[in-house]
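Written out below as structure tokens is the structure these notes cover.
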Amino acid sequence: MSDSQITIKLTSDKALVLSHWLEKLQTTDLSRVFDDPAVWAPIHRIAGTLDKPLPELFAPDYDQRLVAARQRLRPED
């Protein structure tokens, strides 16, 4: 078993959008998609790690911040 760790750096916009998506993923029944329960360990770890540095998650205008972050991350046509 390896002790090495991987670090992923994200902008706050990317972290906010990913955090929201992971929250939806965790509250959806995806047992038919994820046939190996081991996949949930890293998903929960990533979600928990993202929540700590994101005060936006608890802001009263969270929905507007999420929409704005999504707009900034979408490629321009």
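The values are calculated or read from the model by the stated rules, or taken from the named source; none is laboratory data. In this text the structure is predicted, and so the values were computed from the model without any measurement. Using ideal geometry, Cβ is built from the backbone for each residue, glycine included, and neighbour counts are taken over all protein chains shown. Heads up: the accessible areas ignore ligands, DNA and RNA and are worked out on the full protein's heavy atoms, side chains in. Shrake-Rupley method; radii C 1.70, N 1.55, O 1.52, S 1.80 Å.
Projecting label points 7 angstrom from Cα along Cα→Cβ for GLU23 and LEU73 puts them 1.3 nm apart.
Give the average over all directions of the projected area of the C-alpha convex hull of the chain, one decimal, in nm². Show your work: numbers first, answer last.
On the way: hull surface 28.6 nm².
The directionally averaged projection comes out at 7.2 nm².
Take the Cβ atoms of LYS9 and ASP35, set R0 to 35 Å, and the FRET efficiency comes out at 0.70. Going by accessible surface with a 1.4 Å probe and the largest first, LYS52, LYS24 read LYS52, LYS24.
Pairwise over distinct Cα atoms, reciprocal of the mean inverse distance: report the Kirkwood radius of the range 12-52 in Å, one decimal place.
Values: mean 1/r = 0.0935 Å⁻¹.
Averaging 1/r across every pair of different Cα atoms and inverting gives 10.7 Å.
Between the range 1-23 and the range 27-74, the alpha-carbon centres lie 9 Å apart. Selection among TYR62, PHE34, PRO75 by position relative to the dipole of the chain gives PRO75 as farthest towards the positive end (Cβ unit charges, Cα centre).
For the chain, with all protein chains in place and a probe radius of 1.4 Å, 55% of the accessible heavy-atom surface sits on carbon or sulfur.
In the chain, which GluC sites (Glu not before Pro) are in a loop and have at most 12 other Cβ atoms within 10 Å, using DSSP for the loop call? Kindly include the intermediate steps, with their values, before the conclusion.
Working: sites: GLU23, GLU56, GLU76; in loops: GLU76.
Within the chain, the qualifying GluC sites (Glu not before Pro) (loop, at most 12 other Cβ atoms within 10 Å) are GLU76.
Taking all protein chains into account, the per residue accessible area for the range 1-70 stands at 79 Å² (1.4 Å probe).
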